[in-house]
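One structure is given here, and the rest of the page talks about it.
The values are calculated or read from the model by the stated rules, or taken from the named source; none is laboratory data. Note that this is a predicted model, so its numbers are computed, not measured. FYI the Cβ positions are ideal-geometry reconstructions off the backbone, even for glycines, and counts take in every protein chain you see. Side chains are part of the model used for accessible areas, which takes the heavy atoms of the whole protein and leaves out ligands, DNA and RNA. Shrake-Rupley method; radii C 1.70, N 1.55, O 1.52, S 1.80 Å.
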Amino acid sequence: MSHKANSILTRMVLAFLIRAACVFVPQTLSAQGGAWLSHAHDARHSAVSSVASQPLSSIHWHVPVDLHPPTGEIFIHYGSPLVTAANTVIVPVKTGANSFRVEAHDGATGNLLWMQSTAYQAPSAGFMPGLGPALFADRLFVPDNAGRVLVRKSPDSTTGAVAHLVFYGQTNYQADPLVYQQNVQINTPLTTDAKGNLYFGFLVLGSTPIGLKSGLARIAPNGQGTWVSAAAISGDPAITKVAMSCAPALSSDGSMVYVAVDNLDFGFGYLAALDSTTLQVVSHVRLKDPASGLDAALTDESSATPTVGPDGDVYFGVLENPFPGHNDRGWLLHFNRDLSVQKIPGSFGWDDTASIVDASLVASYQGPSKYLLLTKYNNYAGIGTGDGHNRVAILDPNVAQQDPIIPSAKVMRAVITQLGVTPDPNFPSFPGAVREWCINTAAVDPFTKTVIVNSEDGKLYRWDLTTNTLSETITLSGGIGEAYTPTVIGGDGTVYAINDAVLSAVGK
């Protein structure tokens, strides 16, 4: 049984008994070259690189992302590495049971340039959330304790001034710092927009002098902070928080911010669009299972975040209800820009951030869509009718087919797929069962018309979208069950992937 599926079932039992140059390139890249700014690359979470990746020939260097990793399977969503325009690699590192720092490494050599501790602690969740920093211009933003954000200037330099931002006001924090340290936690990766505004979700665990409620925070470039509660975002008093690890996403023009909110682990939730300046709610939609019509489930074990397509459509992954009626695959829900129209869903989504693939990159594609989506397509052995034939897929968001698990449901057409390579010894009674793809966001390289995907078999693969083959492979570890991890392409084309709690820099 998949370690993810096994964990979820256990909890459920307990709970219920360019064409290379013309590809869609994020606007935030225009001033920052080959930088990888946040989770899934940019504020739209496109995962599209602005430089060509190097061949997967050798490991340049590697560094642990966990100084005290657990024994056996790793139920931790390690934070995404970032890369500055000058090729400095920012690495979130877990230093203890629940303690963190960020390290800056020279992208070419791996040499340590500097390190900065943070008092951030990950919120309690089924899979431990990671530390999720973000870059903008010459500043690095890092989650800290008390809902604060640590700002480190000049991340390419060995020295840089360090300051704090407090979305509810520095004066309020200083009046009673212990109360805020005990009761306020950031619970999502940080997202920056093209103007340097900062967005993130936060939890409030107890009372504060100013009556904070869990919700979404925004900090402007001048340091002015605003916030809105999760209940106000949804218009539903039963909603208590921004979904765990759900990095906010921005519309292409930066005018709207998207975020999911929910009530409890395995509870129901909403996807909302807010004015990115005022945080006034533009619209919200209650998330439904497209097959059953019941409330879709949101779980704290997921790291799914919204993806915004070049046409403004919004994609967000949820779990199915009833569970595990869709083999623990969940769904990739699909909406128009203002969330007023629900469109064709994808057939996998529970812990995945969809990546954007320009349709011209897939040689065999002849459909109507200008862009396609890359998602995991695992079919977990032993869960429902799951057979262990775990895949990655390129999906057409605008053309439907019968769902492979629930034929009465219509889902995005699978344009091409790739089955995992390595047999899974844990499932000898399932013919053809393979180790699952281990990504919560994959890196798309429009210049070579390939995508980079990581697997639990300990290997990193290049999927050639022209030939539909796994054209390159490199071994990172012996293979291990672990929570899904991000994949990144740096400014010089080096590929960064996490496997067995180690970040490897891979290239020619």
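Here r is the Cβ-Cβ distance between His164 and Thr109 and R0 is 30 Å; the resulting FRET efficiency, rounded to 0.05, is 0.45. Computed from the C-beta positions of Ser408 and Leu67, the FRET efficiency with R₀ = 35 Å rounds to 0.10.
For region 206-277, a crude dipole built from +1 on the beta carbon of Lys and Arg and -1 on the beta carbon of Asp and Glu, taken about the Cα centre, is about 180 debye to the nearest 20. When the alpha carbon gyration tensor of region 136-279 is reduced to an equivalent ellipsoid, its three semi-axes come out at 24, 19, 12 angstrom, largest first. Here the spin labels are modelled as points 7 Å beyond Cα on the Cα-Cβ line, and at Gln401 and Ser207 they lie 5.7 nm apart.
Please state the relative contact order of region 425-508 as a whole percent: Cα pairs under 8 Å, 6+ residues apart? RCO, region 425-508: 22 percent.
Measuring nothing but how far apart in sequence close Cα pairs (under 8 Å, 6+ apart) lie, relative to its length, region 334-438 scores a relative contact order of 23 percent.
Taking all protein chains together and rolling a 1.4 Å probe, Lys459 ends up with roughly 60 Å² accessible.
When the C-alpha to C-alpha distance is required to be over 31 Å, the pairs from Lys410/Lys449; Lys153/Lys370; Lys195/Lys410; Lys94/Lys410; Lys213/Lys370; Lys241/Lys449 that qualify are Lys153/Lys370; Lys195/Lys410; Lys94/Lys410; Lys213/Lys370; Lys241/Lys449. Using a probe radius of 1.4 angstrom, the carbon and sulfur fraction of the accessible surface of the chain is 53%. Length gained on full extension, Asp138 to Lys508: 130.3 nm, using 0.36 nm per residue less the C-alpha separation. Scalar couplings 3J(HN,Hα) for region 467-482, obtained by applying the Karplus form with A = 6.51, B = -1.76, C = 1.60 to θ = phi - 60°, are 9, 6, 9, 8, 7, 9, 9, 9, 8, 9, 7, x, x, 7, x, 7 Hz; x denotes Gly and Pro. Here the relative contact order of region 216-305, from alpha carbon pairs under 8 Å that lie six or more residues apart, stands at 25 percent. Three principal axis extents of region 375-508 based on alpha-carbon atoms, in descending order, are 46, 36, 23 Å.
Put a dot 7 Å past the Cα of Asp295, heading toward its Cβ, do the same for Ser364, and the two dots end up 4.1 nm apart. Given their separation in residues at 0.36 nm each and the Cα-Cα distance between them, Thr473 and Val281 gain 64.6 nm when the chain is fully extended. Dipole check for region 369-417: with +1 at the C-beta of Lys and Arg, -1 at the C-beta of Asp and Glu, and the Cα centre as origin, the magnitude is about 160 Debye.
Other residues whose C-beta falls under 14 angstrom from the C-beta of Tyr168 contribute a net charge of +1, scoring Lys and Arg +1 and Asp and Glu -1. Taking K and R as +1 and D and E as -1, what net charge do the other residues with C-beta under 11 Å from the C-beta of Ile498 add up to? Net charge in that neighbourhood comes out at -3.
So in the chain, what percent of DSSP beta bridges are antiparallel if you round to the nearest 5? DSSP beta bridges in the chain are roughly 95 percent antiparallel.
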